[in-house]
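Q: One structure coming up, written as structure tokens, with questions to follow.
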Amino acid sequence: MSVNESFENVFSFFNEVVETLDTKDETNAIKKTQHAIQELEKLHEKQKADSKNALKVLLKKLEISKESANHKQKELEELQQSGLLNNLQNDNKQLDKENTELEHEVKQLQNEYDELLIEEKKLDLQEQKEESSAIDLTLLKIGLYRELGIDAVTDENGNISKCHIYNSNTNNNHTIFFPNNQDYLQQTQQSFATTNLIWNLCTSVNDNDFINVDLARGINNNINNINNI
């Protein structure tokens, strides 16, 4: 039973005495009151005993702590007398100095590393910018060709083998077949002739006779026919 419960029982008993008090039963009331007082005294004695025991435990802990402190102080004095403590302190100072130097070197290396990362990032951005410019130009050309209805087809060697052309005026689809040897495209005259032919096939209002054009048979005749339409 806890202390609080004991007090509650005592007070409950006193309340019971007051409620049941009768002039005819004064003797019993006095006996009950005396019994309650005795119970309260027992409770006080128990509390005193518990407090005394707790105090003994605390005093024992304090004694042990003092003994431990005295023992450590004695060890410290012995170290000071033997000079080991001074050596340890000197070693600690040297270690602190070395740690400080290492931290400084690490900081310098970190700064150099950060600078290298920045330079690398700049180079990457420059390369991306250059690649983006080149790609954008190519995409622009491809987009323009697609808008005109031109779709080039390459072979396994990466050379243009044929070109599909859609004429929005006549709703016709044309195909130009390029010869295997495409050196002629590097010549100004042939390059101009090919461009002119493709343009006419894209824009002509009457191109029914030229659905398939084979450049290997001679581009000039086809150009003349287109121009005469």
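The values are calculated or read from the model by the stated rules, or taken from the named source; none is laboratory data. Since the model is a prediction, treat every value here as computed from it, not as a measurement. All Cβ positions, glycine included, derive from the backbone under ideal geometry; neighbour counts span all protein chains shown.
Q: Of these, Leu79, Leu62, Leu21, which one is aliphatic (A, V, I, L, M) and modelled with pLDDT of 80 or more?
A: Criteria check complete, one pass: Leu62.
Q: With respect to Glu39, is the statement that it is in a helix (DSSP H, G or I), at pLDDT 65 or above, out of contact with any Leu (no Cβ under 6 Å at 6 or more places or on another chain) and surrounded by 12 or more Cβ atoms within 10 Å (Cβ to Cβ) true?
A: yes
Q: Right, next: Filter the range 150-195 down to the residues that are modelled with pLDDT under 80, part of a loop (DSSP other than H, G, I, E, B) and out of contact with any strand residue (DSSP E or B) (no Cβ under 9 Å at 6 or more places or on another chain), then identify the one that is surrounded by the most Cβ atoms within 10 Å (Cβ to Cβ).
A: Result: Asn159.
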